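In what follows, a single structure is set out as structure tokens and then discussed.
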Amino acid sequence: MNASVGLIPQAECSRRDFLARSAAVGGAMVLGFHLPPTSGSAAPIEGQPWYREAMVPEINAWLTIAPDDTVTIRVAQTEMGTGVFTSCPMMVAEELQCDWSKVRAEYASPQRSVVERAPEWTLDVPGGGDPTIRDGGGEPALGRSFTGVYRRFDTNSSGSVRESRYYLQMAGAEARERLLLAAAATWEVPTSELVVQDSIITHTPTGRRTTYGAIAAKAARITLPDPSKIKIKGPDQFTPSGPVRCSGAPSRATTSTPSRIVRAFTRQS
């Protein structure tokens, strides 16, 4: 039995014909482009796009203090129910000695961490990354070097506390020292005569008092003469701060269930 296959003649179809016929059958397909003139350029962003509230002084990249003493602390880790929105701000607040009831957390800017380098004096971590050494800890366990202003911009290896403690405490301590210098300059007294607790600075000999919110704008303009002299607390000096910011139950990444989720399974026979 002989079979023959007939060849279908090749149809000549231009791009114009294809688009016209496609539109007639199934609707129009439209591709739109706008080509700006060669002289066009992007408009510059005024100021720093990651800093939104001009009336709230930024003491350093990690925190701002509002006139009502609200302290906003930035977190470079992702909250997945593990409590980093509590633990990370807590390490900053421990050194800042602010009123924990007025602390709020927000995510740090990844753009800023790429564009802005961390202060040089914060890059060398003492203690060889050993978290058991009082002034040590903080070096990434994976051996990576984080030099952006927010340092470790990762959420992994259960390291948000272990690998971030040193420079988060340093951020709080640096801000505290600048606030003390601002108060000392205002009263023309040495910082050794000042004590701070719960966002209130007190001049011990005279009893004069001021708040972080009242002095923050001045502190934001002060540069520490010798940041290398900043000392952070050891674990034996930590104090309870207050309630947690995240319970973990509703937002845990491994147990969350999006609505209208569709599950698929493979079966091997």
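A few notes on this one:
- Set of lysines near residue 218 by C-alpha distance (under 24 Å), chain-local residues within fewer than 8 positions excluded: 102, 229, 231
- When the alpha carbon gyration tensor of the stretch 58-231 is reduced to an equivalent ellipsoid, the three semi-axes, largest first, read 28, 17, 14 Å.
- Lys, Arg +1 and Asp, Glu -1 on Cβ, resulting dipole of the stretch 58-231 about Cα centre, debye, nearest 20: 120
- Per residue, the average separation of C-alpha pairs within less than 8 Å and at least 6 apart gives the stretch 58-231 a relative contact order of 27 percent.
Only the coordinates and a few stated rules stand behind these numbers; no lab work does. Computed from a predicted structure; not experimentally measured. Glycine gets a Cβ as well: all are built from the backbone with ideal geometry, and neighbour counts include every protein chain shown.
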